[in-house]
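Read through the structure below, which is laid out as structure tokens, and then see the notes.
The values are calculated or read from the model by the stated rules, or taken from the named source; none is laboratory data. Being a predicted model, the structure only gives us computed values, none of them experimental. Neighbour counts run over all protein chains shown; Cβ positions are idealised from the backbone, glycine included. Heads up: the accessible areas ignore ligands, DNA and RNA and are worked out on the full protein's heavy atoms, side chains in. Shrake-Rupley method; radii C 1.70, N 1.55, O 1.52, S 1.80 Å.
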Amino acid sequence: PMSALAGVKVLDLTSMVSGPVAAMMLADQGADVIKVEPITGEQMRHIGPTVNKVTAAFFSCNRGKRSIGVDLKSEDGKKILFDLVADADVLIQNFRPGAMERMGFGEPVLRELNPRLIYVSISGFGEEGPYAHKRVYDPVIQALSCATDIQADRATGRPQMFRIIIADKVTAITAAQAISTALYAREKSGEGQHVRLSMLDAMLSLFWPEGMAGLTYADQEFDVRRYQGAMDLIYETQDRFITAGAISDSEWEGMCRALNREDLIDHPNFRTAQGRFTHNSERKEITAEEIKKWSSDEILARFDQEGVPCAPIIDRSELLDHEQVLANGSVDRLHFEEFGEVRQARHPARFDKTPASVSRPAPRLGEHGREVLAAIGYDAAAIDALVRAGTVLE
């Protein structure tokens, strides 16, 4: 079957996570993604143990791409990028604002070469303002987007970070969606455009609906922290941690019946959804006390029977064997000669006509330099000269 983005050529000049994951998603969906890297390789190649010279995190951010290592500061290297841009559909870059312009690759310059180009600029903070030129990593965005406030320890008030690079990845998903939209707009207008996005804006957009509910209505600001304990639904049973939640009246009634506490159904504080929300700390304390009396299998079965949303809280060692993960085929087990078995989260969107899949492993640095240059008209002698000069990696 045809893949959705077959024939779309993407130049990925990005490093770390925000840009690479966006481009990786497009590669899963069939785009030809050429990763244009510095001669030393991008930073993610150098973090963690490797198999076949590729780190695990780099593999997961860059599967399905081809790599060319180019010295973009040299005149010949610049010409290579211009030649690649001539027939590219998308270029993604996440250098600090102004860096592409200084290198000679600003959007107006590349637009001259290719009016249909979709030029995507990912920044940490945006392109203007006092933070625009600061260096940025995920924790800095977590600090500024109130992620750490949302995650703060309820008991002590100490801010906490998400333990994943959430800002980078939310930005990547937002970028991939925006690129698809820009490609669709180009189908209608024939024109490319410049798409800009910042990690800060992507995170605020993610958190807004409930995280910033207290700021939404200007005339009725409230401190959402009073109610946020309702999200920390971690309960101890006799043998393991579980989660269970009751929002609707029927779920609350089911939970009370499962716990043999029908007396709580009509408790004046818990009779309505609004009451349960307002008195969530008290409700959680009572619920926690009751759940502690049961074994996990027994209480989860009782909750299930009563239609109460629930699950065991599993750790990473249990994930691959979990019955629902297996039923979904959520984890692809891929076999590549140079890597052995590689496990990857399956592309989450399932297209019934244009399935997404991993077409190739993540590339070694510069692995596809020759074939990428040959495809845009460089002959063997020219490529040899570029390799000898150290402009292109072999």
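Descriptive notes on the structure:
- Checking each residue in region 185-204 for being open to solvent by less than 80 Å² (accessible area, probe 1.4 Å) and within 17 Å of the chain's Cα centre (by Cα) picks out Leu197, Ser198, Met199, Leu200, Ala202, Met203, Leu204.
- 3 or more residues free of Cβ contacts under 8 Å to residues at least 60 places away in the same chain and more than 20 Å from Gly366 (Cβ to Cβ): qualifying helices (runs of 4 or more DSSP H) within region 23-105: 99-103
- The condition (being modelled with pLDDT of 95 or more, open to solvent by 40 Å² or more (accessible area, probe 1.4 Å) and either within 28 Å of Thr181 (Cα to Cα) or in contact with a helix residue (DSSP H, G or I) (Cβ under 7 Å, 6 or more places away or on another chain) (or both)) is satisfied by just one residue among Arg96, Arg63: Arg96.
- The single condition among (1) in a helix (DSSP H, G or I); (2) of a type in the set (A, V, I, L, M, F, W, C); (3) under 20 Å from Arg96 (Cα atoms) that Ala182 does not meet is (3).
- If you filter region 30-52 down to residues that are more than 15 Å from Thr14 (Cβ to Cβ) and buried (at least 18 other Cβ atoms within 10 Å of the Cβ), you find that the one that is farthest from the chain's Cα centre (by Cα) is Asp32.
- In region 114-173, the qualifying residues are those that are at positive phi and touching a residue at least 12 places away in the same chain (Cβ under 8 Å), and the one that is least open to solvent (accessible area, probe 1.4 Å) is Gly126.
- Residue count, region 245-268 (criterion: open to solvent by 40 Å² or more (accessible area, probe 1.4 Å) and among the aliphatic types (A, V, I, L, M)): 1
- Filtering Tyr119, Tyr131, Tyr184 for residues that are aromatic (Phe, Trp, Tyr), out of contact with any strand residue (DSSP E or B) (no Cβ under 9 Å at 6 or more places or on another chain), over 29 Å from Asp223 (Cα atoms) and modelled with pLDDT of 95 or more leaves a single hit, Tyr184.
- Qualifying residue in region 270-288 (condition: in contact with a strand residue (DSSP E or B) (Cβ under 7 Å, 6 or more places away or on another chain) and either more than 18 Å from Gly307 (Cβ to Cβ) or open to solvent by 70 Å² or more (accessible area, probe 1.4 Å) (or both)): yes
- Here region 129-170 is the region considered, the condition is being in a loop (DSSP other than H, G, I, E, B) and aliphatic (A, V, I, L, M), and the residue that is farthest from Ile234 (Cα to Cα) is Ala132.
- Take the conditions (1) closer than 16 Å to Ser15 by Cβ; (2) open to solvent by 10 Å² or more (accessible area, probe 1.4 Å); Arg102 misses just one of them, which is (1).
- Meets criteria (among the polar types (S, T, N, Q) and over 15 Å from Gln344 (Cβ atoms)) for Thr50: yes
- Top-ranked residue of region 66-78 - restricted to ones that are open to solvent by less than 10 Å² (accessible area, probe 1.4 Å) and hydrophobic (A, V, I, L, M, F, W, C), ranked as nearest to Gln344 (Cα to Cα): Ile68
- Here region 115-140 is the region considered, the condition is being under 30 Å from Lys9 (Cβ atoms) and β-branched (Val, Ile, Thr), and the residue that is farthest from the chain's Cα centre (by Cα) is Ile118.
- Restricting region 291-349 to residues that are open to solvent by less than 80 Å² (accessible area, probe 1.4 Å) and among the polar types (S, T, N, Q), the residue that is nearest to the chain's Cα centre (by Cα) is Gln344.
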